[in-house]
Amino acid sequence: MTKQKRQLGYSVTSIKGSELAKTNEVNPINALQGRVAGVQIDQGAGGLFGNTKIIIRGNSTLGKNNQPIFVIDGVIMDNDIFSGEGRDFGNDLKNLNMENFETVSVLKGSAAAALYGTRAINGVVLITSKKGTQRKGLGVSLNQTLSLSNPYKGPDFQNEFGGGSVGAFFTDNRDANYTSDQNWTTKVFPIDPVTGKPYIDRQIQREGENWGPRMLGQEVTNYDGTVTRYIPHPNNYLNAYQNGGGTNTNVAIDAATDRSSFRFSYNYNDAKGIYLNNSLKKNSFDLRVTHKITDRINIDISTAYTDFKGKNPPRLGGLDAFGSYNVGHMYTWVLPRNYDTKYWMQPDKYASVLGGTPDPTNNAEPNKSPESRFWFNLYNDNYTQNEQMLRSRIALTADITSWAKLVLEGNINNLYRKIENKELGEKANFTGGSYSMGFNTKESKFLKAMVMMNKEVNKDLTISGYVGAESQDYKTTYSSSTTSGGLNYPGNFFIANSVNPQIVEGGTLNRRKLNSVYASADIAYKNQFFLQGTFRGDWSSALTYTNGSGNNFYKYPALSASWVFSENFKLPDWFSFGKLRSNIAALGGDTDPFSLNAGFALNGFSSANGVTVPSSTYSSSRVLQPNIQPVRKISKEIGLDLRFLKSRIGLDVSFYQDNTKNQILDITAPVESGVSSILINAGNIQNKGIEIAIDATPLSTKNFSWTTTLNYSRNRNLIVSLYPGRSEYNLGADIAEISTWAVVGKSYGILRSQINSIPSFVPGQPILRWRGDARAAFPQRSNYWQDVGDINAKFRTGWDNTFRYKNFTLNILLDAKIGGDFVLSSYRFGTHTGVFPNTLFGRDAAHGGITFTSKYDGITYDDGIIVKGVFDKGQSITQADGTSVDVGGLTFEEAYKKGFVEPTHLPQFGYRYGSSSTGVSDYWVVKSSWISLRQVAVSYAFNEKAFKKLRLKGLSLSLAGRDLLYLYNTLPYNFNPASNNSNNTAYSGENGFLPMTRNIVLSLRANF
Amino acid sequence: MKNYKSGFSLLGAGVAILLLCTGCTKDFGNINTNPSNVTTPDPKFLMTYTEDKLSVNGTEWVWESFEQLFRFTQHFTSSPYEIISVLT
């Protein structure tokens, strides 16, 4: 159904497939970044083929996935979400081949989405694939790409003080070889009682704190007993990465006659990521054939098959304590600044002489280096996913009369995934270890019948439209087997090699059927007025109760109109074109399959009486509101499309407002009720915004031209109402004790914390708490919820410039996000352990530390700081003479001047400021605004003379730099903004990060 | 003649659409029910669960009842995390 843009009553932005293919991105969403107004894209930290978040016009539901669907030649695909914990293998979209994209159109408004039904409630990215073009003989096009990815910048660490633990107090396992009078003394080495020599504090069973001595090249004993110099390793984080890169080869053959066409393409992509051992291999085949069977019947058949093998993406989240095999956590939480990555990543350093990896708690282990298991795991273990995606489509178009045709279409899209994880035992003699194997299937079927009509009533009036019906089926299943308790034969990876009985799981994850009917009527009058009315009705299985009842039908009426007013009025010459467009649409939505129908689940076995018996309980702890209704979204849009000076300048503006009501939500119930939640219909979430796109050709001569496109979008999200009596809804996205909420009167994406500090009566100073065992004052936690941020950006913008000089083309793309908060969990860890420069002030007299002799122990220290804040009412401090003084209501400074309190040791303050029991979240929710130099690309198209000699029909060379640098970045210490933990739309935060990475892509295109 | 023929085709298309749509919600109840759950359980398996929670996982039971007890007595009515922070 192609329509002229002139007729459309809604906003559409189209991009040429070839522009996207040039980027060589594995995830096609990354290639769209910065190019479309109203589309928000944030890259994740998942590595080579990880997920990226895409939102069109704001979050429209209170769910976790508010991302648009991707429709490739009628086949619907989702941008599935990664949970944020574990390894991010990306989703189905990575199996698409951008070389086959003819155009990509982003349908933003809901009037457009009404065409695709319930799954399109968050917008549609429409992909049209290439087909054979009519020419003499066979057309062959070859594209060879070489790419390099370079991790160029990690966060800025402090490089002055190295590993060493904070002073002693009751919860610590501080090294026993600090002397007893060094309880509050840092910046010293523990001394080996046997040799009398200093050694680097191994911090066994502790985090890797950096309160040790200034690193001046002192001679010390290293973690493995060798002698080393105590020096900083400023690049130790970047040294954990490599330069990635790869090749991408695409061969396409096509031919066409006036009756038939075919196009076949083969793509081979082989790449390694910047994260060690993270790699992919992708083979994909695409075939599209069209044929005119008779004068009236056309057939269009296509099939695409992709085999994808992905290996070892970085691990994200905090699944285990401390390092969690997560590089970001490692270098902010457990590995100190003196850690020499290149040394410890060597096989003989990360492997133990006892077999396995060094366990510093084992007395027999000579190598006490921290977290060696990370390298052991990185080099020995493999996490792989092998995916096969088959997408096939057949469409038959038959002309019934001169004004009507019948379209019959069917397609399938099936994804089969094999997951294999191999872990070598990390304990002595390689005991432990595991092996698991799993299979997932995801199958979809689609059938459609439609009659399209187009009747020219008279010269001025054309009526067109369609009626149709379709049916969609989706089903996902899984099964997995995992060894338990370790492997009997270390390093032999098979399921039967399990110490304890294997763990076997499997089942149907979800299944859904949608049946739909739709109709549309378009009236075009004098090629100036266009009116389109559409109607769609969906029946969804997901809103059906087990007995077959339920409100499972919802309809989508939509009306759109456009008026090319430049045809009506006599406009000045410079005013070339003017169109006003408007639309209003209603959309419906369902809920997750199975959620309406709980039952009794078997949940494992019990051996309570010495006999193993299956055990069962109710599968859900929630109750349902009777008669759940479908979700309702009403969307309105008005837009203006203007062109001036012979169309050299264009302006496209859209204003929109969407309201989604009747959402199907889990509202938490009081525990006293015996259930955890109630599933209800409620809420009204509103998105209101403006999108502007300006395009211009300021210069155009025979040899030189400059075209520029500027897009700007701003969206305001507002929670108008939730359930009666509720003003907040937890969206279930938590990082570093910050959770994301929808709050009435505010937005989807309010960041809340129970551990922020409490303001005192002195502006800018929090209420302080005193801990005698740490001799430290630090901000007190509120222990009640406070709104501490909002993830929604103020606006986003992109600026795309293309300069052409003779055969050279230069493209420069900038894009920016301004506003929106981000949870930086590593900033918390790094403050706690002293790896960031914010922990330098006060470390010693040279860094502004106060020198004082403590009355408690008579020792002189130089790391005192005056903590900003006011002591809480009733706070008393035990003095050196044993008396207590009430300092309530005094600022720390006042109390210090009065002699009631000694300066707080900076290490104690830093440690407390980020710790899991006393840290306050004031500083790790940060503004994330950035301007990125997204792309600079130069291409050269060879002259006909040059390639004719080579018997070619076309030859071009292009060099593109992607994600080159951030011109502006508000994250502290140059943290990488592309670190989003998950493409769950409620997340804006980092829980494991990668360095800033630029990609250089060289490609050669030849046509034979 | 030509019009006659196309009329038939239109009718055919209409029938095809209707066919696709008949039984628009046929089998929907079954599709939307997790095949891994049953609706009528055997009580003996439910008893196993209860027994297991009482005897084997004693700690969990104690914790749960502790939490329940305090809630019923209205000592704590909000987040269970508050209990944790009081205890540690």
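The values are calculated or read from the model by the stated rules, or taken from the named source; none is laboratory data. Computed from a prediction, not measured in an experiment: that's the story for all the values here. Counting neighbours? That spans all protein chains shown, and the Cβs are built from the backbone with ideal geometry, glycine included.
Structure above, values below:
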item	result
Strands (runs of 3 or more DSSP E) enclosed by segment A:677-781 - at least 3 residues per element that are among the charged types (D, E, K, R) and at negative phi	A:677-700
Candidate set from segment A:591-609 (those that are more than 30 Å from A:A682 (Cβ to Cβ) and in contact with a Pro (Cβ under 7 Å, 6 or more places away or on another chain)); member that is nearest to the other protein chains (Cβ to nearest Cβ)	A:L602
Looking only at segment A:501-530, and only at residues there that are among the basic types (K, R) and in a strand (DSSP E or B), the one that is farthest from the other protein chains (Cβ to nearest Cβ)	A:R512
Yes/no for A:W924 being farther than 14 Å from A:V823 by Cα, aromatic (F, W, Y) and surrounded by 17 or more Cβ atoms within 10 Å (Cβ to Cβ)	no
Among residues of segment B:17-57, those that are within 7 Å of chain A (Cβ to nearest Cβ), modelled with pLDDT under 75 and surrounded by fewer than 17 Cβ atoms within 10 Å (Cβ to Cβ), counted	3
Test: residue in segment A:355-378 that is assigned to a strand (DSSP E or B), modelled with pLDDT of 95 or more and farther than 25 Å from A:G162 by Cα	no
Given (1) within 29 Å of A:G798 (Cβ to Cβ); (2) crowded, with 17+ Cβ neighbours inside 10 Å; (3) among the β-branched types (V, I, T), index of the condition A:V743 fails	(1)
Every residue from segment A:315-354 that is of a type in the set (A, V, I, L, M) and assigned to a loop (DSSP other than H, G, I, E, B)	A:L319, A:A321, A:L335, A:M345, A:A351, A:V353, A:L354
Test result for A:I931, touching a helix residue (DSSP H, G or I) at 6+ places or on another chain (Cβ under 6 Å), surrounded by fewer than 20 Cβ atoms within 10 Å (Cβ to Cβ) and at negative phi	no
Index of the failed condition, A:P490 passing every other in (1) in contact with a strand residue (DSSP E or B) (Cβ under 9 Å, 6 or more places away or on another chain); (2) more than 14 Å from every other protein chain (Cβ to nearest Cβ)	(1)
Residues (of a type in the set (S, T, N, Q), crowded, with 23+ Cβ neighbours inside 10 Å and within 12 Å of chain B (Cβ to nearest Cβ)) located in segment A:551-590	A:N552
Single residue of A:Y861, A:Y856, A:Y827 found to be touching a Lys or Arg at 6+ places or on another chain (Cβ under 9 Å), aromatic (F, W, Y) and more than 14 Å from chain B (Cβ to nearest Cβ)	A:Y856
Hey, A:S402 within 14 Å of chain B (Cβ to nearest Cβ) and over 30 Å from A:N312 (Cβ atoms) or not	yes
Residues within segment A:826-864 that are small (G, A, S) and assigned to a helix (DSSP H, G or I), tallied	4
Exclusive hit being within 14 Å of another protein chain (Cβ to nearest Cβ), free of Cβ contacts under 8 Å to residues at least 24 places away in the same chain and either in contact with a His (Cβ under 8 Å, 6 or more places away or on another chain) or crowded, with 16+ Cβ neighbours inside 10 Å (or both), set A:G548, A:G537	A:G537
Subset of segment A:279-301 [surrounded by fewer than 16 Cβ atoms within 10 Å (Cβ to Cβ) and more than 33 Å from the chain's Cα centre (by Cα)]	A:H291, A:K292, A:I293, A:T294, A:D295, A:R296, A:I297, A:I301
Per-region count, segment A:50-75, residues within 18 Å of A:Q657 (Cβ to Cβ), touching a Ser or Thr at 6+ places or on another chain (Cβ under 7 Å) and assigned to a loop (DSSP other than H, G, I, E, B)	4
Residue among A:D88, A:D73 that is of a type in the set (D, E) and buried (at least 24 other Cβ atoms within 10 Å of the Cβ)	A:D88
Test: residue in segment A:355-373 that is touching a Gly at 6+ places or on another chain (Cβ under 9 Å) and either of a type in the set (G, A, S) or farther than 20 Å from A:Q203 by Cα (or both)	yes
Selected residue (criterion: nearest to A:P313 (Cα to Cα)) from residues of segment A:405-432 that are within 14 Å of chain B (Cβ to nearest Cβ) and more than 35 Å from the chain's Cα centre (by Cα)	A:L408
Tabulated pairs, segment B:42-62, first assigned to a helix (DSSP H, G or I) and of a type in the set (S, T, N, Q), second surrounded by 12 or more Cβ atoms within 10 Å (Cβ to Cβ) and modelled with pLDDT of 75 or more, C-beta under 6 angstrom, 6+ apart or interchain	B:T48/A:S606; B:T48/A:V613; B:T48/A:S615
Where A:P614 falls short, out of the listed (1) away from chain B (no Cβ under 14 Å); (2) surrounded by fewer than 16 Cβ atoms within 10 Å (Cβ to Cβ)	(1)
In segment A:635-674, residue surrounded by the most Cβ atoms within 10 Å (Cβ to Cβ) [restricted to those that are in contact with a Lys or Arg (Cβ under 6 Å, 6 or more places away or on another chain) and not in a strand (DSSP E or B)]	A:V671
Identity of the residue in segment A:981-997, in a strand (DSSP E or B) and touching a Ser or Thr at 6+ places or on another chain (Cβ under 7 Å), that ends up farthest from A:S60 (Cα to Cα)	A:T997
Identity of the residue in segment A:433-461, farther than 30 Å from A:G537 by Cα and modelled with pLDDT under 95, that ends up nearest to the other protein chains (Cβ to nearest Cβ)	A:N458
Residues (under 18 Å from A:N183 (Cβ atoms), crowded, with 19+ Cβ neighbours inside 10 Å and hydroxyl-bearing (S, T, Y)) located in segment A:871-914	A:T904, A:Y911
Per-region count, segment A:425-467, residues among the acidic types (D, E) and touching a helix residue (DSSP H, G or I) at 6+ places or on another chain (Cβ under 9 Å)	1
